[in-house]
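A short write-up of the structure that comes next.
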Amino acid sequence: MVWSFLLAAAWGGICYLDRTAAFQVMLHRPLVVASVTGAIFGNFTAGAQVGAVLELLYIVRLPVGASIPPDDTGAAIFGGAAAATASSSIGLDPGSFTAILLLSVGCAELGKYADRLVRRVNGRIAHLTVERVEGGDFLAVENGLMAGFVLFGVIGMALTLLFSGLGVFAAGSLLTRFGPESHFQFSVLLPTIPLLGAAAVFSCSRTDRTSPVFYLTMGCVFAAIFFFRWLG
Amino acid sequence: MSGIPQHVRRKVWFRQFLLQACWNYEGMQNVGFAYSILPALRDRYEGRPEEFSRALKRHLEFFNTHPAMAAVILGSTIRLEERVAEGTVDPRAVGTFKVGMMGSLGAIGDSYFWGALKPMASVAGAILAFVHPLLGIAMLLFLYNSSHMALRFRGFAAGMGGEESAVRFLKEAGFTGKTEDRKMIAAILSGAYGGVVASQTAHLFGGAWPELGVFLVAALAVHLFTVFFRKAVSPSEVLVLLFLVGALILWQ
């Protein structure tokens with residue numbers, strides 16, 4: 001288990017760097033993050049199932065200017081670890097699956113605050129960099145940038161350890177409270193979460209032209225599946 | 001034609017991927033921009049420490065744009081700096097050019113990459129993940145990065161050709177049309193995704209009329225969520241609301 005956490009921390013550090021500090025090649029997207037985290041904790045498919053739903057949920061919040069969207073990478077780390085651990089112990093029933101998706105909100109919000117904190121500390125680093133360049137130290141730009149880079153990476157690794165730990169803990173002790181034997185009927189809510197994701201993408205792409213197209217496609221796909229099921 | 005050696009250009013091109021490594025609220029991408037352009041400045045101002053210092057300080061001023069679109073500004077700025085070093089352009093033109101470009105390119109990039117391309121790639125990946133997760137991941141990464149990397153590469157090259165070449169590149173790239181197209185594809189794919197989810201739920205009820213009822217409820221739910229999003233309600237708030245509904249109302 002220790003190796004799993006260490007591997008997850010290394011992977012999470014790369015994903016968090018990709019999120020803001022470097023590359024932006026979409027390695028930090030929940031589908032990718034949750035699948036790999038799931039594989040690290042023993043079940044790639046369970047992680048991917050969570051990641052596929054989380055992928056669309058927060059997309060409506062754009063990282064424009066100084067605004068920071070919820071940390072869907074953190075939510076995916078939690079979800080991937082929890083789903084993989086649960087699937088190999090208590091089983092991943094619809095109630096537990098829904099609970100994982102809903103509980104991941106806490107990680108998304110906590111990650112957002114951590115990101116804000118890193119950017120504040122970076123402000124101090126940038127200030128020092130400018131001061132040192134004015135003093136004639138031209139290497140300060142490279143050192144300042146590396147300090148920011150390392151800070152993003154280290155905080156990313158720490159968050160990954162925290163979120164994957166919470167995911168494993170939730171799978172062992174919390175999810176049993178949401179399964180079929182429990183008092184909660186969370187599985188009833190399951191269809192609403194992917195629909196929330198569809199609405200998030202639709203909100204991003206909403207224009208006068210796309211509105212009718214969205215509902216028309218939804219209706220056509222529904223009718224086509226109904227028709228083929230009726231045909232047998 | 002630019003006199004910057006090929007190995008210096010390559011260094012700057014790779015360094016652009018760290019533009020946001022020291023992102024901060026005051027200068028935003030200022031340290032990242034200075035870091036990216038540093039090899040070109042060292043090359044142009046070799047043996048002229050005073051001018052090099054002034055040039056470096058110019059690039060530590062506030063800078064913020066979309067990270068992928070920064071490639072165009074970076075290339076053009078290097079070209080401008082070359083002319084400043086030759087003494088044919090006023091150094092103040094560099095700051096004016098960057099300020100003029102970063103706002104408009106930031107808006108274009110945010111709209112194209114965050115508002116159209118990313119949702120399109122994400123929903124395509126999520127749909128294909130139903131077939132096989134690896135297929136979904138591959139599609140997401142391919143759809144996004146084919147466009148992202150092409151812009152980083154071609155935008156930088158166009159910028160290195162000078163401001164006019166950069167403007168020509170941006171005009172020919174047709175971001176407005178591409179954004180509209182990607183948004184349309186994202187709407188179609190998200191509609192298909194919603195239809196699949198609605199039909200999976202409806203199947204549990206059985207019978208034509210109950211299934212139709214479920215579809216209408218699903219369409220209404222999507223509409224309600226989009227209204228929430230338009231009123232700036234966060235997805236987290238909706239999920240917390242669902243959690244409370246699950247914990248308080250669905251308690252047996």
>> If you split all Cα-Cα distances of chain A into 10 Å bins from zero, what percentages do you get per bin, shortest first?
In response: 8, 28, 29, 20, 10, 3, 1, 0
> What is the pair-distance distribution P(r) of chain B, computed from all Cα-Cα distances in 5 Å bins starting at 0, with each bin given as a whole percent?
Replying inline: 1, 6, 10, 13, 14, 12, 10, 8, 7, 6, 5, 4, 2, 2, 1, 0, 0
>> I need the phi-derived Karplus couplings for the stretch A:49-56: 6.51 cos²θ - 1.76 cosθ + 1.60, θ = phi - 60°, integer Hz, Gly and Pro marked x.
In response: 4, 5, x, 5, 6, 5, 3, 9
> Under a straight-distance cross-link criterion of Cα-Cα below 17 Å, which lysines are reachable from B:LYS118, leaving out those fewer than 8 residues away in the same chain?
Replying inline: B:LYS178, B:LYS183
>> Please compute, over every Cα-Cα pair in the protein assembly as shown, the percentage with a separation greater than 28 angstrom.
In response: 54
> So if we plug the beta-carbon distance of B:LEU134 and B:LEU212 into 1/(1 + (r/R0)^6) with R0 = 41 Å, what FRET efficiency do we get, rounded to 0.05?
Replying inline: 0.70
> A:THR20: net charge of surrounding residues, Cβ under 12 Å, Lys/Arg +1, Asp/Glu -1, itself excluded?
Replying inline: +1
>> For a quick check of understanding: with a 1.4 angstrom probe and all protein chains in place, what accessible area in square angstrom does B:GLU26 have, to the nearest ten?
In response: 120
>> Excluding ligands, DNA and RNA, what is the accessible area buried between chains A and B, summed over both sides, using a 1.4 Å probe, to the nearest 100 Å²?
In response: 8200
>> Probe of 1.4 angstrom, ligands and nucleic acids ignored: what's the accessible area per residue over chain A, in square angstrom?
In response: 38
> Distance in nm between label sites at B:HIS203 and A:THR45, each 7 Å beyond Cα in the beta-carbon direction?
Replying inline: 1.6
> Which whole number gives the average, over all residues in B:63-74, of C-beta atoms from other chains lying within 10 Å of the residue C-beta?
Replying inline: 1
>> Between B:THR176 and B:ARG230, what's the calculated FRET efficiency when r is the beta-carbon distance and R0 is 30 Å? Round to 0.05.
In response: 0.85
> For A:CYS220 and A:ASP208 in the same chain, what is the full-extension length gain: residue separation times 0.36 nm, less their Cα-Cα distance, in nm?
Replying inline: 2.4 nm
> What per residue convex hull volume, in Å³, comes out for the stretch A:1-82 when only alpha-carbon positions are used?
Replying inline: 78
> How many percent of Cα pairs in the stretch B:116-179 exceed 19 Å?
Replying inline: 44
> At 10 °C and 1.306 mPa s, what whole-number value in µm²/s does Stokes-Einstein give for the translational diffusion of the stretch B:78-189, with Rh from the Kirkwood sum over Cα pairs?
Replying inline: 100
> What value, in deg cm²/dmol to 500, does the helix sum -39500 (n - 2.57) over DSSP H runs of n ≥ 4 give at 222 nm once divided by the residues of chain B?
Replying inline: -24500 deg cm²/dmol
>> For a distance above 15 Å, tell me the whole-number percent of Cα pairs in the stretch B:178-217 that qualify.
In response: 49
> So what's the angle, to the nearest 10 degrees on a 0 to 90 scale, between helix B:30-44 and the longest Cα principal axis of chain B?
Replying inline: 30
>> Please compute the modelled spin-label separation between B:GLU237 and A:GLU134, points set 7 Å along Cα→Cβ, answer in nm with one decimal.
In response: 4.1
> Want the number for B:HIS223 to B:GLU86: 0.36 nm per residue separation, take away the alpha-carbon distance, what's left?
Replying inline: 43.4 nm
> Taking the Cα atoms only, what angle lies between the long axis of helix A:192-204 and the longest principal axis of chain A, rounded to 10 degrees?
Replying inline: 50
> What FRET efficiency do you get for A:VAL150 and B:GLU46 if R0 is 35 Å and r is their Cβ-Cβ distance, rounded to the nearest 0.05?
Replying inline: 0.75
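Using helices alone, what [θ] at 222 nm do you get for chain A, with -39,500 (n - 2.57) per DSSP H run of 4 or more residues, divided over all residues and rounded to the nearest 500?
The helix-only estimate for chain A comes to -24000 deg cm²/dmol at 222 nm.
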> Which whole-percent values make up P(r) of the stretch B:1-113 when all C-alpha to C-alpha distances are grouped in 10 Å steps starting at zero?
Replying inline: 14, 50, 31, 4, 0
> Rounded to whole Å and sorted largest first, what semi-axes of the equivalent ellipsoid does the C-alpha gyration tensor of the stretch A:94-221 yield via the square root of 5 times each eigenvalue?
Replying inline: 42, 26, 9
> So how tilted is helix B:163-173 from the main axis of chain B? Cα-based, degrees 0 to 90, rounded to 10.
Replying inline: 20
>> For a quick check of your reading of the filter: which GluC sites (Glu not before Pro) in the stretch A:127-232 sit in a DSSP loop and have no more than 11 other Cβ atoms within 10 Å?
In response: A:GLU181
> Taking the inverse of the average 1/r across all pairs of different Cα atoms in the stretch B:114-252, what Kirkwood radius in Å do you get?
Replying inline: 18.3
>> Please report the net charge: other residues with Cβ closer than 10 Å to the Cβ of A:LEU54, K and R +1, D and E -1.
In response: -1
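The values are calculated or read from the model by the stated rules, or taken from the named source; none is laboratory data. In this text the structure is predicted, and so the values were computed from the model without any measurement. Cβ atoms come from the backbone with ideal geometry, glycine included; neighbour counts cover every protein chain shown. Calculation scope for accessible area: heavy atoms of the full protein, side chains included, ligands and nucleic acids excluded. Shrake-Rupley method; radii C 1.70, N 1.55, O 1.52, S 1.80 Å.
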